[in-house]
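S.K.: Once you've had a glance at the structure underneath, I'll fire off some questions.
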Amino acid sequence: MTSILARSVDRENLVDWLGEALAEARALPRDRMVETPVSPAGLAVDLTFDDMDLATAYCDRFQNIRPAADAAAERRIYVLTGKGLGLPEWSDPSLPADEFHALLNAAGLRAAYPFQDGLWRLFDMRSGVGLQWCSTLEKLPPWDGSAPLRQHLHWLLQESGMRLAHAATLGLEDRGVVLFGRGGAGKSGTTLAGLAAGLSTVGDDYIALANDPAPLAKPLFRTMKQDREGLSRIPGLPERTNDLSLNWRGKVEFDPAAFFDGAIIEAMPLKAAILPRIAHADRPTLVPARPQSVMLSLMTSNLHQFAGEEDDGMRFFAKFLKDLPCFQLDLSPDAVRNGNLLREFVERLPR
C-alpha cells in the first residue's frame, strides 16, 4: 500500500483516494490473509484480515444466522491493521460532515467521517466491497471489541431495508418486546433478568431491526455486558462468571447461551416497545407510555451515532413504532421480580 500512504486527504482527492484504498486492499495476496464468512442478522459477509488475532477476536463476537434465500450477494470487508504503516491524515476539517457524505454518496461510496486519526472505514455500495483500515490496533475505539464493524453493519443493514439499533430485546420465540434507552437506562440488566426468567433475546446492545411486513428483531452479536453488581442480582450467576475479566468499561462480557438455555434466537417478532427506567421501586411496574417518549429516546440513542449521514432513519423508526404499543418499565432492584413481570407481560402478548 506504499503508493497511497504519503498523501493527506481532503475534499479534492477524497473520492479518488478511497477508490485507490479499496483497489489496493483487493490486490493484496490472499495467501497472506485470513478469510472468514460471517452472517450477522443473516447478512452474508466475507471478512478478510491481515491479523490472525484480530480475526479471531472479531469472529467470536458475531451471532451468525442462515441468510434468507433471496439475500443479496455476498459482500466482502477487508479489515487491515497497516502492520506499522502510516495512514494519510484527513487534512480538511472545515468540510462539514454532511457535505463529506454528500460528496461520497454521489460516487456510490460510504465512509465514516474521519474524526479519529489513523482509522478509515469505507464501503463501495456498487461492488459490495468495504474496508476498515487502522494504522495500529490502538487506533480502534474501545467499543470496537464488543461491537466489531458496527459502522459497516449500519451501511449493510440500511442497504437491506433494516436498521442498526442501540436497543435490547426479550421474548418468547413467536413474540417479544424491544427495549430502548440511552446507555445506563437499564437495558442490559433488564435483559439479563428476563433471561433468568426463561425468556430469550436477540441482543442487549446493538441489534438489527426490520419492519417489512411487521416489526422484527435479529441478532448481530452474541455477547452481553454487565457489571459485577448487576450480575450479583441473578442467583447463581456471580459464581459462574467469577473467572471472566472486565472490559474497558468495567463490565463482564459473556455469551448468554453459555448460561441460559435458548438465550439467543434467530428472529423475534416484536409486539411492544418498552422504556426501562431505574426507579428503585419496591416492585417493578409496567404502564403505558406515549410513543413520543419512545421516539425521543430513539433520537437520543440511535439517530445521531453516525454524524452527518443523510438517512431516513427517522422515517423508518416512526413507521416501526406506528403500530407498536409503548410502555414504561419502572425497575426494582430485585432482578427476579423484574424478570417475572416481563415474563408475564410477554406471555400475554398476541401471537
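S.K.: Mind ranking 222-235, 118-131 by how tightly packed they are, going by the mean number of other C-beta atoms within 10 angstrom, highest first?
M.R.: In decreasing order of mean packing, 222-235, 118-131 become 118-131, 222-235.
S.K.: Related question: Counting Lys +1, Arg +1, Asp -1, Glu -1, what net charge surrounds residue 45 among other residues with beta carbon under 10 Å of its beta carbon?
M.R.: Result for the neighbourhood of residue 45: 0.
S.K.: Another question, then. For residue 322, give me every one of the aspartates and glutamates with a C-alpha distance below 14 angstrom, ignoring sequence neighbours fewer than eight places off in its own chain.
M.R.: Leaving aside aspartates and glutamates fewer than 8 places away in the same chain, those within reach of residue 322 are 212.
S.K.: Now for a separate question. Considering only the chain, what is the antiparallel percent among its DSSP beta bridges, to the nearest 5?
M.R.: In the chain, approximately 65 percent of DSSP beta bridges are antiparallel ones.
S.K.: Among 313, 250, 181, determine the one that fluctuates most according to a GNM of the chain built with springs between C-alpha atoms less than 10 Å apart.
M.R.: 250
S.K.: Something else now. Determine the distance separating the Cα centre of segment 157-208 from the Cα centre of segment 271-286; give it in Å without decimals.
M.R.: If we compute the Cα centre of each part, the gap is 15 Å.
S.K.: Please give the charge dipole size of the chain, origin at the Cα centre, charges +1 on K and R Cβ atoms and -1 on D and E Cβ atoms. Round to the nearest 20 debye.
M.R.: 1060
S.K.: What length, rounded to one decimal in nm, is gained on full extension from residue 137 through to residue 248, with 0.36 nm per residue of separation minus their alpha-carbon distance?
M.R.: Fully extending the segment from residue 137 to residue 248 adds 38.5 nm.
S.K.: Order of 9, 202, 336 from fewest to most other C-beta atoms within 10 Å?
M.R.: The order, fewest Cβ neighbours first, is 336, 9, 202.
S.K.: Where the only charges are on Cβ atoms (+1 Lys, Arg; -1 Asp, Glu), what is the dipole of segment 163-348 about its Cα centre, to the nearest 20 debye?
M.R.: That gives segment 163-348 a dipole magnitude of about 420 debye.
S.K.: So, one more: May I ask for the angle, rounded to the nearest 10°, between helix 150-159 and the longest principal axis of the chain, with both axes built from Cα atoms and the value confined to 0 to 90°?
M.R.: 90
S.K.: Among 287, 34, 15, which one shows the biggest mean-square fluctuation in a GNM of the chain, springs joining Cα atoms closer than 10 Å?
M.R.: 287
S.K.: What are the lysines whose alpha-carbon lies under 26 Å from the alpha-carbon of residue 225, with same-chain residues fewer than 8 places away excluded?
M.R.: Answer for residue 225, where 26 Å is the Cα cut-off: 139, 187, 251, 271, listed by chain and number.
S.K.: Continuing with the same structure: In nm, to one decimal, how far is the modelled label at residue 285 from the one at residue 27, with both set 7 Å along Cα→Cβ?
M.R.: Distance between the two pseudo-spin positions: 6.7 nm.
S.K.: Which FRET efficiency, nearest 0.05, do residue 12 and residue 239 yield, Cβ-Cβ r, R0 45 Å?
M.R.: Once rounded, the FRET efficiency stands at 0.15.
Taken together, the values in this text are just the output of simple stated rules run on the coordinates, not laboratory data. These figures come from a predicted structure and were not determined experimentally. Note that each Cβ is placed from the backbone with ideal geometry, even for glycine, and that neighbours are counted across all protein chains shown.
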